[in-house]
Amino acid sequence: MKVGLHIPDFTWDSGPSGLRDRLAEIARTADDGGFDRISVMDHVWQIAHIGPPENEMLEAYTALGYLAGKTERVKLLTVVTAVVYRDPGLLVKAVTTLDVLSGGRAMLGIGAAWNEEESRGLGLLFPPTAERFERLEEALQICQQMWSEDDGPFEGKHYKLARTLNSPQPLSRPHPPILIGGAGERKTLRLVARYADACNIFDSPDLAHKLDVLREHCEREGRDYDSIEKTVQTRFDLGERGERSEQIVDHLRELGELGVQVAHGTVIGAGSLRPLEWMAERVIPQVSDF
């Protein structure tokens with residue numbers, strides 16, 4: 001099993017003036033400590049279960065570009081990009097740029113979007129749910145076309161591209177892995193089976209059921225279920241002295257038995273760096289064989 005670090009919160013004691021240095025320290029510690037990937041949220045305001053909307057929030061792809069320059073090994077992605085915040089052609093260009101400048105370490109994390117408050121606040125596109133899913137499927141098709149030798153036009157219901165030219169092409173082959181976030185059984189998991197290289201599902205009691213639903217969609221789509229990387233969004237709380245490390249290892253063993261390949265999530269207290277060091281010392285080496 002691999003472990004990923006999610007960084008959803010940029011409100012630290014150092015304030016905005018010290019934010020870049022703290023973020024770089026966190027990223028380098030994770031990179032050196034054996035984390036497989038680092039993600040940020042694609043939000044423009046902080047989300048409610050983490051803090052008030054006024055808390056610091058960085059634009060996702062600018063932040064990932066900064067992290068590319070501060071790390072050497074980890075994969076870099078959003079968990080996950082709101083499809084309606086950027087036109088797909090520009091999104092593919094951003095992820096391609098990240099991939100080239102990071103030496104082939106980009107992933108595309110993408111979903112149908114949910115945060116209407118921030119969208120309305122900054123005037124971002126936020127159509128009804130059905131349309132957002134239609135746009136998500138078209139965006140996935142555009143990604144596949146732009147990451148191929150076909151630079152012809154794309155004609156969809158919502159997006160029309162006269163020429164899908166993308167130069168340079170990414171270093172990742174055949175393209176940066178596509179991860180779709182969410183666990184909706186009728187739409188999201190169907191899109192995973194049809195288009196994605198990885199899923200991202202919340203660590204919850206119905207996880208096994210969600211994976212069964214994904215397997216059923218794969219059967220209907222003629223897709224090899226095992227070809228999709230199973231990632232779970234979770235939370236690592238090691239305690240004040242790292243005393244919960246073994247509990248985390250035990251839980252990750254349970255996830256591994258369900259077929260989860262990547263446990264990806266927030267490390268509580270990561271801003272102090274020590275919990276990241278405990279993860280590197282006490283958790284990551286133990287779960288690598290799961």
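Would you confirm whether or not the range 243-262 contains a residue that is closer than 18 Å to Ile180 by Cβ and of a type in the set (A, V, I, L, M, F, W, C)? Looking for residues that are closer than 18 Å to Ile180 by Cβ and of a type in the set (A, V, I, L, M, F, W, C), one finds at least one in the range 243-262, hence yes. Within the range 222-250, residues that are in contact (Cβ under 8 Å) with a residue 40 or more places away in the chain sit with their Cβ atoms under 8 Å from residues that are outside any loop (DSSP other than H, G, I, E, B) and of a type in the set (Gly, Ala, Ser), at 6+ positions apart or across chains, in these pairs: Glu229/Ala198; Thr231/Gly4; Thr231/Ala198; Thr231/Ala263; Gln233/Gly181; Gln233/Gly265; Phe236/Gly265; Leu238/Ser245.
Elements of the type strands (runs of 3 or more DSSP E) sitting completely within the range 8-126 and holding at least 3 residues that are in contact (Cβ under 8 Å) with a residue 12 or more places away in the chain and closer than 25 Å to Gln145 by Cβ: these cover 75-78, 108-111. In this structure, is Ser148 touching a strand residue (DSSP E or B) at 6+ places or on another chain (Cβ under 7 Å), surrounded by fewer than 23 Cβ atoms within 10 Å (Cβ to Cβ), of a type outside the set (Asp, Glu) and assigned to a loop (DSSP other than H, G, I, E, B)? Spelling it out, it is not the case that Ser148 is touching a strand residue (DSSP E or B) at 6+ places or on another chain (Cβ under 7 Å), surrounded by fewer than 23 Cβ atoms within 10 Å (Cβ to Cβ), of a type outside the set (Asp, Glu) and assigned to a loop (DSSP other than H, G, I, E, B). Under the condition of being hydrophobic (A, V, I, L, M, F, W, C), touching a Cys at 6+ places or on another chain (Cβ under 9 Å) and part of a loop (DSSP other than H, G, I, E, B), the residues counted in the range 205-247 number 1. Comparison of Arg235, Arg220 shows that the only residue that is modelled with pLDDT of 95 or more, more than 23 Å from Gly33 (Cα to Cα) and exposed (fewer than 14 other Cβ atoms within 10 Å of the Cβ) is Arg220.
Considering (1) in a loop (DSSP other than H, G, I, E, B); (2) more than 16 Å from the chain's Cα centre (by Cα), the lone condition that Glu138 does not fulfil carries the number (1). Taking the conditions exactly as written (among the small types (Gly, Ala, Ser), without any contact (Cβ under 8 Å) to a residue 60 or more places away in the chain, within 16 Å of Tyr85 (Cβ to Cβ) and part of a helix (DSSP H, G or I)), does Ala130 satisfy them or not? Considered against the rule, which asks whether it is among the small types (Gly, Ala, Ser), without any contact (Cβ under 8 Å) to a residue 60 or more places away in the chain, within 16 Å of Tyr85 (Cβ to Cβ) and part of a helix (DSSP H, G or I), Ala130 comes out as no.
No other residue among Pro205, Pro170 is surrounded by fewer than 21 Cβ atoms within 10 Å (Cβ to Cβ) and farther than 12 Å from Leu140 by Cα apart from Pro205.
The values are calculated or read from the model by the stated rules, or taken from the named source; none is laboratory data. All figures in this text were calculated on a predicted structure; none of them were measured in a lab. Using ideal geometry, Cβ is built from the backbone for each residue, glycine included, and neighbour counts are taken over all protein chains shown.
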